[in-house]
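The block underneath contains the structure these notes are about, expressed in structure tokens.
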Amino acid sequence: MARDLFHNAVRHALEKEKWVITNDPLSIPFGDADLQIDLGAEQLIAAEHAGKKIAVEVKVFGAASFVNAFHQALGQFLNYRLALLENEPERQLFLAVPLDVYERSFGRKIVLTASNTLLYRFWCTIQNQR
């Protein structure tokens, strides 16, 4: 499995916010497929509260066509959501993207419509690491 460019930056950002990385990658069985989400993490809130669990897919959208890359990421994201609903329904799924990509491309109608109708809890952004 190839690592996306910002994988380590996202991992460090989560750890800085006191998330414990539990899986790198997070394997989720779904029928005859074994899906690989980039990161699984949990955050223990307090002894009397249940812990929060998340899964984070990291994408940089470096392809020549943003729309094609978005379609691929959208399909992948939806498959991951289905697998998580079946196996770990308490785990929330996020997509991490570089801040410059988010600011440049994620205001487009195709992305806004998809996120408003299909993908709540979709965006998590990070600064470019230089």
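Ranking ALA41, PRO98, VAL20 by Cα position along the charge dipole of segment 7-126, where only Lys, Arg, Asp and Glu carry charges on their C-beta atoms, puts PRO98 farthest toward the positive end. Along segment 89-95 the Karplus relation, 6.51 cos²θ - 1.76 cosθ + 1.60 evaluated at θ = phi - 60°, assigns HN-Hα couplings of x, 7, 8, 8, 9, 10, 10 Hz to successive residues, with x for each Gly and Pro.
Stretched out straight at 0.36 nm per residue, the stretch from LEU99 to GLN36 would grow longer than its current Cα-Cα span by 20.3 nm. Within straight-line reach of LYS52, meaning a Cα separation under 18 Å, sit the following lysines at least 8 residues removed in sequence or on another chain: LYS16, LYS18.
Nearest 0.05, what FRET efficiency do GLU86 and LEU118 give at R0 = 25 Å with Cβ-Cβ as r?
On the way: r = 18 Å, r/R0 = 0.70.
It comes to 0.90.
Annotation: lysines with alpha-carbon distance below 24 angstrom to LYS109 (same-chain offsets under eight excluded): LYS59.
Every number in this text was worked out from the coordinates using simple rules, so none of it is lab data. The structure presented is a predicted model; accordingly, all values stated were derived computationally and were not measured. Cβ sites come from the backbone with ideal geometry, for glycine too, and all protein chains shown count toward neighbours.
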